[in-house]
Number of protein chains: 2
Amino acid sequence: MTLPATREAALIARHFAPLATDPGAVGLTDDAAVVRPPPGHDLVVTTDAIAARIHFLDDPPDAIARKALRVNLSDLAAKGAAPFGYLLSLGLADGWTDDFLAGFAAGLAADQAEYGVSLLGGDTIRTVERLTVAVTAIGTLPAGTMVRRAGARPGDVLFVTGTIGDAALGVAMRYNPALAGRLGLAEPHRRHLAERNLLPQPRTGIAAALRTHARAALDVSDGLVGDAAKLSGGGARVVIDAAAVPLSEAGRRAIAADPALLKTVLTGGDDFEIVAAVPPDAAEPFAADCADAGVAVTAIGRIDAGDGVAIEGLPEGIDLGTGGFAHY
Amino acid sequence: MTLPATREAALIARHFAPLATDPGAVGLTDDAAVVRPPPGHDLVVTTDAIAARIHFLDDPPDAIARKALRVNLSDLAAKGAAPFGYLLSLGLADGWTDDFLAGFAAGLAADQAEYGVSLLGGDTIRTVERLTVAVTAIGTLPAGTMVRRAGARPGDVLFVTGTIGDAALGVAMRYNPALAGRLGLAEPHRRHLAERNLLPQPRTGIAAALRTHARAALDVSDGLVGDAAKLSGGGARVVIDAAAVPLSEAGRRAIAADPALLKTVLTGGDDFEIVAAVPPDAAEPFAADCADAGVAVTAIGRIDAGDGVAIEGLPEGIDLGTGGFAHY
């Protein structure tokens, strides 16, 4: 709407129209897309945005695009939805280049192939000082099966996918390059942590397992402790066994070198793993279905009667504070 | 995701949760919303964003919010869709206040009541230098009835709603306050033009008339001439009779004082009126249905064989240039 009309039309035709592979998107030649959910299915919608120098630094354009898309696909997965498509609102900082957009679109194309989604619509505006990328993602699931965030009940088992803390450690090292040296991390471990921050891994493979077995779930974006607490809608206490929280080899070595980093791991955020409360008799089949889907899950605690969140097994001297997460 | 978690939670609870009146939005206490289209219906999705000092100046917060929502509802109306809900991605510039957000939310609440929509989800990030507001709107319509942008055929009648050029004249006077004086416009006329820029009037009332009668339609955001041209998908020439284009009293007076402003009117943009191609035998019932809905429509031309767009009845010395529209 607000780049010169012909310039915007040209960049849409060149970079974005090829991504609009669903017929409902009409090749981005219309002002809206039509979406027809499969019979008996609901749509699940979510939106998340990222901005330059807040959520990403000087990352390659394809990584920025993929991150913007993946943080939304992660929300869909946690709700049990299969990804279907997305809309993109792109705010371009002055000085953008055609090469940048080509890389950005290539990143989207790669993830479209990986996750089976297509671009349904978009808007490109001028934001002058900094790039902003807002994505609205749409998924589908059988009617009435969306997995809610709250509703864990006493007795449920607390699970988390993948490993926790890598992205937060990656960010910490990026803002403080001396940290990696101080921790004595080898290059492959540094790279692992950096990549976990650069490119979230939405756990779309376990959407069906969550729908089938989980009582409540969400993805971990603001830190494991604070996000796990959200599983309780009241009348339930989320208990995390700190010693059971799954760590990568790099994460383990970082904490071994500086035990205080456990706080970064447990509260740092940007993990984009899924934390879920699963009724006790569903715990085994849930873990089995996740294994079948190729996604590691670990039991890290339980739901008790009560309220709030508790951490067991914390080493002496580690204080998690409020457990919240801020990009400031 | 990126204000301090507790601060974001507080502003959501205070300002935005009351707007999430649809049960599928779970009061914004989840990370996604569930949308179930009525049986036999499709969803229509569209996204448009606005940024401070690009799309709006120092406007009141409620007006900024309403504009961001309405430009999207305008797209839905042009596609024949009834508005259902929207997602909001809000980029806050540093220095935002709680009062600003209260005004912003009040604007949304007013428009939710007026257009029958509710907030389905959102994200709030920090954009430092300038406010950005990206909205994704969702509408519904009977399956297979979305009105396409292209597809006008020779013989069709060209219609437009409301009056054209007001918003562009309002913007011109805002950037050049001396202009209003030079044109000798009285205060009510100046105010009319300013308000037409401040607050678009999405023509949601004629969605059904468009579905029933129109061959092709879109809303006019980038200027009447350039947007009308999009009705042709090839093999059709859009012919506009400049003398027939409906003007407000203020617009008429502005052009009488300075005939060169006709270019601003025909190509200026931000009208958010709907231009449609209607088969000749549907022209009369279309106009009647629009009248029943309380929306003025005017026949402003026709579709011929050929290609592109032609303007008839232009006064001597008016050159429309490329007809595009830019916020630069």
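The values are calculated or read from the model by the stated rules, or taken from the named source; none is laboratory data. For clarity, every value in this text was computed on a predicted model and none was experimentally measured. So basically every Cβ, Gly included, is an ideal-geometry build from the backbone, and we count neighbours across all protein chains shown. Quick note on the areas: whole protein, heavy atoms, side chains included, nothing else; ligands and nucleic acids left out. Shrake-Rupley method; radii C 1.70, N 1.55, O 1.52, S 1.80 Å.
Largest mean-square fluctuation among B:VAL135, B:VAL278, B:VAL295, in a Gaussian network model of chain B whose springs join Cα atoms under 10 Å apart, belongs to B:VAL295. Between B:ASP166, B:ASP289, B:ASP219, the residue with the greatest mean-square fluctuation in the GNM of chain B (Cα pairs under 10 Å linked by springs) is B:ASP289. For the set B:GLU284, B:GLU129, A:GLU273, solvent exposure ranked by accessible area (probe 1.4 Å, protein chains only) runs largest to smallest as B:GLU284, B:GLU129, A:GLU273. Accessible-area rank, largest first, for B:ARG190, A:ARG70, B:ARG253: B:ARG253, B:ARG190, A:ARG70, with all protein chains present and a 1.4 angstrom probe.
Of interest is the spacing of the C-alpha centroids, which for the stretch B:184-226 and the stretch B:134-156 amounts to 17 Å. Here's the list of lysines a cross-link from A:LYS230 could span, going by alpha-carbon distance under 22 Å and ignoring same-chain residues fewer than 8 apart: A:LYS79, A:LYS263.
Could you order B:ARG53, A:ARG130 by accessible surface area, starting with the largest, using a probe radius of 1.4 Å? Present the calculation step by step, with values, prior to reporting the outcome.
Numbers: B:ARG53 130, A:ARG130 20 Å².
These residues rank, largest area first, as B:ARG53, A:ARG130.
Take each residue of peptide B:115-127, count the partner chain Cβ atoms within 10 Å of its Cβ, and average: the result is 4.
Short to long, the 10 Å bins of the Cα pair-distance histogram for the stretch B:7-61 hold 18, 29, 37, 15, 1 percent of all pairs. Interface residues of the stretch B:50-93, defined as a loss of at least 20 Å² in heavy-atom accessible area between the chain alone and the complex of all protein chains with a 1.4 Å probe, are B:ILE54, B:HIS55, B:ASP75, B:LYS79, B:LEU87, B:SER89.
For the pair the stretch A:64-133 and the stretch B:1-78, the centres of their Cα atoms are 19 angstrom apart. The amide H of A:SER118, built 1.01 Å from its N in the peptide plane, has A:GLY85, A:TYR86 as neighbours under 5 Å, considering only residues 5 or more places off or on other chains. Coordinate range of the alpha-carbon atoms in the stretch B:1-143 per principal axis, descending: 47, 31, 22 Å. Here, P(r) means the percent of Cα pairs in each 10 Å bin from 0 to the largest distance; for chain B it is 6, 25, 31, 24, 11, 2, 0. Counting Cβ atoms of other protein chains within 10 Å of each Cβ in B:128-139 and taking the mean gives 6. In this structure the stretch A:257-308 gives 38 Å² per residue of accessible area when probed at 1.4 Å with all protein chains present. Over the stretch A:172-253, the alpha carbon radius of gyration divided by the compact-protein estimate 2.2 N^0.38 Å works out to 1.38.
Shown for A:ASP319: label points 7 Å from Cα along the beta-carbon vector, and their distances to the equivalent points in the other copies, 7.3 nm in ascending order.
Applied to the stretch B:309-319, the Karplus parametrisation 6.51 cos²θ - 1.76 cosθ + 1.60 on θ = phi - 60° returns per-residue 3J(HN,Hα) values of 9, 10, 10, 9, x, 6, x, 3, x, 9, 10 Hz, with x for Gly and Pro.
Look at the stretch B:35-42: the mean tally of other chain Cβ atoms within 10 Å of its residues' Cβ atoms is 4. Derived scalar couplings between HN and Hα for the stretch B:140-147 equal 10, 7, x, 3, x, 10, 4, 7 Hz in order, rounded to whole Hz, by the Karplus curve 6.51 cos²θ - 1.76 cosθ + 1.60 (θ = phi - 60°), x for Gly and Pro. Taking the DSSP bridge list for the stretch B:220-328 and keeping only pairs wholly inside it, about 50 percent are antiparallel. Net charge dipole, the stretch B:89-229: roughly 600 debye, given to the nearest 20, about the Cα centre with Cβ charges of +1 for Lys and Arg and -1 for Asp and Glu. Using the rule -39500 (n - 2.57) for each DSSP H run of four or more residues, divided by the residues of chain A, the 222 nm mean residue ellipticity is -10000 deg cm²/dmol.
Compute the length gained on full extension between B:GLU284 and B:ASP307: take 0.36 nm times their separation in residues and subtract their Cα-Cα distance, giving the result in nm to one decimal. Don't skip to the answer; put the middle values down first.
Working: separation 23, 0.36 × 23 = 8.28 nm, distance 2.56 nm.
Additional length available on full extension: 5.7 nm.
Using the Cβ-Cβ distance between B:ALA293 and A:ALA110 with R0 set to 51 Å, the FRET efficiency works out to roughly 0.65.
Have a look at the DSSP beta bridges in chain A and tell me what percent are antiparallel, nearest 5. Show your work: numbers first, answer last.
On the way: 37 of 51 bridges.
Close to 75 percent.
In plain terms, if you count all Cα to Cα distances in the stretch B:116-200 and split them into 5 Å steps from zero, the share in each step is 3, 9, 12, 10, 13, 15, 15, 13, 7, 2, 0 percent. Considering only B:THR212, B:THR97, B:THR46, the Gaussian network model of chain B with Cα springs below 10 Å gives its largest mean-square fluctuation to B:THR97.
Can you give the accessible area per residue of the stretch A:188-254, in Å², using a 1.4 Å probe?
Numbers: 2280 Å² over 67 residues.
Here the residues of the stretch A:188-254 average 34 Å² of exposed surface.
If you place +1 on the Cβ of every Lys and Arg and -1 on the Cβ of every Asp and Glu, how big does the dipole about the Cα centre of the stretch A:72-143 come out, in debye to the nearest 20?
Values: 3 positive and 8 negative charges, 52 e Å.
Dipole magnitude for the stretch A:72-143 comes out near 260 debye.
For the protein assembly as shown, pairs of C-alpha atoms spaced more than 41 angstrom apart make up 29 percent of the total.
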